[in-house]
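Chemist: Please read through the structure below; I'll follow up with questions.
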Amino acid sequence: MNAPDTAVMRFGSGQAVRRIEDPALVRGEGRFTDDVNPAGQTFAAFVRSTQAHARIVAIDTAAVLAMPGVLAVFTGAELVAAGVKPIPLAPVFKRPDGQPMTAAPRRALAHEFVRCVGEPVALVIAETRAAARAAADALMVDYEPLPAVTDPFEALKPGAPRVLNTLPDNICGVARHGDAGAAEAAFERAAHVVKLHLVNQRLAPAPMEPRSVLAWMEEGRLNLRLSSQMPSAVRGGLADALPQLKPEDVRVQVGDVGGGFGMKTGIYPEDIALGYAARALGRPIKWQAERLEDFLYAVHGRDLVTDAELALDADGRVLGLRCKSVANVGAAATTTGVLIQLMIGPWVTTSIYHVPVIDLDITAVLTNTGATGAYRGAGRPEAIYTMERLMDAAARQIGLDPAEIRRRNMVRPDQMPYRNPMGQTYDVGQFEKILDQGLVLSDWAGFEARHAASKAAGKLRGRGLATFLEWTGGNALVEQATVRIAPDGFIELVAATMPMGQGIATSYAQLAVDVFGVSIDKIRVLMGDTDRANGFGSAGSRSLFTGGAAVHAAARKTVDQGKALAADALEAPVLDIEYSAGRFHVAGTDLGIDLFELARRQGTAGFQAEDGATAGAPSWPNGCHVCEVEVDPATGDVAVVAYASVNDIGRVVSPVIVQGQVEGGAVQGIGQALCEALVYDPHSGQLLSASFMDYALPHADGFLGFKTAFDTSIPCATNALGAKGVGELGTIGATPAVVNAVVDALSRVGKGGPALDLQMPLTAERVWRALNG
């Protein structure tokens, strides 16, 4: 076996390699924002609203400014006077009156009014973290309380307290998709109609590392180091918000990121406030969010209530889908938060099924709560949950096996490319094949024996199925990368996507090994510096099939550049130069030069090439997830006792990583199904679940080991790698699979009929109440 075969077979794409990110992290050598401490560093603390809705009467800063170590106090009034702009809400949709969609201004610091608990009101800068926190606690803010509303249905009622007094109501924006008349006709001729009321509760993304920002001035430029998935978006957002600042005047750097899950996409008000303060004070300023602050004011996920109807013929084939949804987008709604519910979720509503007509009616509502935004899956979990719950309910009503009703309605391979009712085109998909593999992996046929064993042990056993797809990467189809051969003996990959625990650096390194045929320890991956690379960042499961394709293209271009340099060094025609295993050589001779020796001859810069990749369209990963649960009838406690999934993500570059992504995502989906919920007090507007004492994350003892498999025989046709996104697939499939399993367990003892109104999270109390009427 020759050298390139050895390297590629050990470390190239498709090989199970250890993550290159992990050694530094497990040795405690990670470099997170809070680990960076420049000379002269000061510390920031935010004063946050204690009111859900109030007018700011006065802020007394004099006493706080006299406290030991306090350097400055900034208020919203000062920032507005200085020309600091709020984060804009793009008018993508309209309100019912035809006006552009509207929300409360999302300011760096509140001005005149506060509209949810936790909104930043003032910013204190001090010499120490303790001094900053003490001063923030001492700052007196005089509020005039105003009526508040936290429930979107209450907010829609006539006479409800208005979140924004310039609006006649609390509607941010509306969307209507499909053909209402055609849907009505489909329902009129249906043999079966299934109706469900479904609640996708509000969730906290809860990454391991809360938000963290370090801001300073250097050589006349504003520098921010922070925990983010999208450094270029932060750079652009700062330039938009702060006066007399251009993008080239800003440098954003991101080191290690302790989880993002969508919560760390885009710019936050706190980022703008710290950027302003750093320019005003001229010293480095660090803010490390407390967990409470992230619960209160980092974006939340989900919060969608849907009344869904499915029309079917006598054989169980779908005729039409009708959904009326209300999305709670908070007070200072984000563009992303609105788009997720009014557009992105609807794109996948019909999933892998042929649904002839749809009628989707969605209203985004303002309330005195924190804003919603991206959280793992971002609209797709809500839409797939709706369809998969309807499929199970229809199977139960008609008397079909849950797998059979899905099989009858799946889009067939011969229908590809398939255009769904939302105008989205699926390039490839063999959904029935994935279903069949999932049924085998989960031992679907052997369930009754396991059910009998659970019954003998005094437990109720149920199984749930989810066959589904999701949309990935369509938020930005273009990405750039630079590959540099450094004279110190490393191949350097520079990209604008971001690592956040998902292992993307390892995947990029494996793609580089494919091209260069060197050991993976010769690859160095650099991300998170807007002075080196700018692009969309990492969100929507896009990093590999856009950024990875760019890395692969730039690597090949670098080899081509190296051939030209080698031809000059070896005094041979460039067409005679070949490359393999870290060495250029003249074809048919033993004359050659080492890759890194060639770089050294170019001086300290080595040589490099930049290239990009453009995906033709989004990718459509899909899967079959099967869950089995046991319910304790005495307590209502639910345990996930088996979980099997077969996933079609196209080409697999890093097998270990994609398995971790699917299974880790499934755990988050299980969390939504069984235990997680953000809850506001309807009277005071206070967040009642603002700590891990009250917000329940899933524990390792809540589920058993996964069986996870991948079908790599169906490559994506829209990108050069043939890869499909994977980061959110597990989250999307797990929630309906788990809930369907619990409903199945209840149905087997006569408690899961049409009257059952069991909403997530399926806590022990809720399940017990369902069992006991």
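Residues are listed down the side, and each one gets a yes or a no for (1) within 20 Å of residue 729 (Cα to Cα); (2) open to solvent by less than 20 Å² (accessible area, probe 1.4 Å):
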site: 433; (1), (2): yes, no
site: 439; (1), (2): yes, no
site: 448; (1), (2): no, no
site: 463; (1), (2): yes, no
site: 473; (1), (2): yes, yes
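Chemist: Residue 259 - would you say it is at pLDDT below 95 and of a type in the set (Gly, Ala, Ser)?
Modeler: So residue 259 does not fit the description; no.
Chemist: Another question about this same structure. Please find, among 562, 540, 547, the residue that is part of a loop (DSSP other than H, G, I, E, B) and either touching a strand residue (DSSP E or B) at 6+ places or on another chain (Cβ under 7 Å) or buried (at least 17 other Cβ atoms within 10 Å of the Cβ) (or both).
Modeler: Answer to the check: 540.
Chemist: A follow-up question, please. Of the numbered conditions (1) surrounded by 12 or more Cβ atoms within 10 Å (Cβ to Cβ); (2) within 30 Å of residue 177 (Cα to Cα), residue 98 satisfies every one except a single condition; which is it?
Modeler: For residue 98, the exception is condition (1).
Chemist: Here's something else I'd like to know. Give me a count of the residues in the range 217-249 that are buried (at least 23 other Cβ atoms within 10 Å of the Cβ) and in a strand (DSSP E or B).
Modeler: Residues that pass the stated criteria total 3.
Chemist: In the range 510-528, which residues are of a type in the set (A, V, I, L, M, F, W, C) and either free of Cβ contacts under 8 Å to residues at least 12 places away in the same chain or touching an Asp or Glu at 6+ places or on another chain (Cβ under 9 Å) (or both)?
Modeler: 523, 525, 526
Chemist: Could you check, for the range 415-422, whether at least one of its residues is farther than 19 Å from residue 649 by Cα, of a type in the set (Ser, Thr, Tyr), modelled with pLDDT of 95 or more and open to solvent by less than 50 Å² (accessible area, probe 1.4 Å)?
Modeler: No.
Chemist: Take the conditions among the small types (Gly, Ala, Ser), touching an Asp or Glu at 6+ places or on another chain (Cβ under 8 Å) and within 30 Å of residue 219 (Cα to Cα) and apply them to residue 289. Does it pass? Quick ask: steps written out before the conclusion?
Modeler: On the way: among the small types (Gly, Ala, Ser): yes; touching an Asp or Glu at 6+ places or on another chain (Cβ under 8 Å): yes; within 30 Å of residue 219 (Cα to Cα): yes.
Against the criterion (among the small types (Gly, Ala, Ser), touching an Asp or Glu at 6+ places or on another chain (Cβ under 8 Å) and within 30 Å of residue 219 (Cα to Cα)), residue 289 qualifies.
Chemist: Additional query: Among (1) among the hydrophobic types (A, V, I, L, M, F, W, C); (2) within 24 Å of residue 689 (Cα to Cα); (3) open to solvent by 30 Å² or more (accessible area, probe 1.4 Å), where does residue 136 come up short?
Modeler: Result: residue 136 fails condition (3) only.
Rundown of residues vs (1) without any contact (Cβ under 8 Å) to a residue 24 or more places away in the chain; (2) more than 22 Å from residue 343 (Cα to Cα); (3) buried (at least 22 other Cβ atoms within 10 Å of the Cβ); (4) out of contact with any Phe, Trp or Tyr (no Cβ under 9 Å at 6 or more places or on another chain), yes/no style:
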position: 87; (1), (2), (3), (4): no, no, no, no
position: 93; (1), (2), (3), (4): no, no, no, yes
position: 111; (1), (2), (3), (4): no, yes, no, yes
position: 125; (1), (2), (3), (4): no, yes, yes, no
position: 158; (1), (2), (3), (4): yes, yes, no, yes
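Chemist: Answer yes if at least one residue in the range 611-620 is crowded, with 16+ Cβ neighbours inside 10 Å, modelled with pLDDT of 95 or more, closer than 30 Å to residue 766 by Cβ and small (Gly, Ala, Ser), and no otherwise.
Modeler: There is no residue in the range 611-620 that is crowded, with 16+ Cβ neighbours inside 10 Å, modelled with pLDDT of 95 or more, closer than 30 Å to residue 766 by Cβ and small (Gly, Ala, Ser).
Chemist: Report whether or not residue 171 is within 12 Å of residue 365 (Cβ to Cβ) and either of a type in the set (Asp, Glu) or open to solvent by less than 40 Å² (accessible area, probe 1.4 Å) (or both).
Modeler: Spelling it out, residue 171 is indeed within 12 Å of residue 365 (Cβ to Cβ) and either of a type in the set (Asp, Glu) or open to solvent by less than 40 Å² (accessible area, probe 1.4 Å) (or both).
Chemist: Hey, another quick one. Using the structure shown, decide if residue 65 is open to solvent by 60 Å² or more (accessible area, probe 1.4 Å), aliphatic (A, V, I, L, M), in contact (Cβ under 8 Å) with a residue 24 or more places away in the chain and under 19 Å from residue 281 (Cβ atoms). Spell out the reasoning first.
Modeler: Working: open to solvent by 60 Å² or more (accessible area, probe 1.4 Å): yes; aliphatic (A, V, I, L, M): yes; in contact (Cβ under 8 Å) with a residue 24 or more places away in the chain: no; under 19 Å from residue 281 (Cβ atoms): yes.
For residue 65, the condition - open to solvent by 60 Å² or more (accessible area, probe 1.4 Å), aliphatic (A, V, I, L, M), in contact (Cβ under 8 Å) with a residue 24 or more places away in the chain and under 19 Å from residue 281 (Cβ atoms) - is not met.
Chemist: Are there any pairs, at least 6 apart or on different chains, whose C-beta atoms fall under 8 Å, with the first in the range 340-351 and open to solvent by less than 10 Å² (accessible area, probe 1.4 Å) and the second assigned to a helix (DSSP H, G or I) and acidic (Asp, Glu), and if so, which?
Modeler: Close Cβ pairs satisfying both conditions: 345/382; 351/388.
Chemist: Here is a further query. Between a first residue in the range 435-447 that is within 13 Å of residue 711 (Cβ to Cβ) and a second residue that is charged (D, E, K, R), which pairs have beta carbons less than 6 Å apart while being 6 or more apart in sequence or on different chains?
Modeler: Listed pairs, sorted by first residue: 441/707.
Chemist: Look at the range 731-752 and say how many of its residues are touching a residue at least 12 places away in the same chain (Cβ under 8 Å) and part of a loop (DSSP other than H, G, I, E, B).
Modeler: The first filter runs over the range 731-752 and keeps only residues touching a residue at least 12 places away in the same chain (Cβ under 8 Å), leaving 731-749, 751-752.
If we keep only those that are part of a loop (DSSP other than H, G, I, E, B) too, we end up with 748-749, 751-752.
Of the residues in the range 731-752, 4 are touching a residue at least 12 places away in the same chain (Cβ under 8 Å) and part of a loop (DSSP other than H, G, I, E, B).
Chemist: Report whether or not residue 16 is in contact with a helix residue (DSSP H, G or I) (Cβ under 8 Å, 6 or more places away or on another chain), in a loop (DSSP other than H, G, I, E, B) and either under 30 Å from residue 233 (Cβ atoms) or touching a residue at least 24 places away in the same chain (Cβ under 8 Å) (or both). Lay out the reasoning, then the answer.
Modeler: Working: in contact with a helix residue (DSSP H, G or I) (Cβ under 8 Å, 6 or more places away or on another chain): yes; in a loop (DSSP other than H, G, I, E, B): yes; either under 30 Å from residue 233 (Cβ atoms) or touching a residue at least 24 places away in the same chain (Cβ under 8 Å) (or both): yes.
Criteria met by residue 16.
Chemist: Is it the case that the range 684-702 has a residue that's open to solvent by less than 40 Å² (accessible area, probe 1.4 Å) and closer than 30 Å to residue 551 by Cα?
Modeler: So far as the range 684-702 goes, no, none of its residues is open to solvent by less than 40 Å² (accessible area, probe 1.4 Å) and closer than 30 Å to residue 551 by Cα.
Chemist: Cβ-Cβ distance below 7 Å, separation of 6 or more or different chains: which pairs start in the range 758-773 with a residue that is over 14 Å from residue 745 (Cα atoms) and free of Cβ contacts under 8 Å to residues at least 12 places away in the same chain and end on one that is open to solvent by less than 100 Å² (accessible area, probe 1.4 Å) and small (Gly, Ala, Ser)?
Modeler: none
The values are calculated or read from the model by the stated rules, or taken from the named source; none is laboratory data. Note that the structure is a prediction, hence the values are computed from the model and not measured. Reconstructed Cβ throughout: ideal geometry from the backbone, glycine too, with neighbour counts over all protein chains shown. Side chains are part of the model used for accessible areas, which takes the heavy atoms of the whole protein and leaves out ligands, DNA and RNA. Shrake-Rupley method; radii C 1.70, N 1.55, O 1.52, S 1.80 Å.
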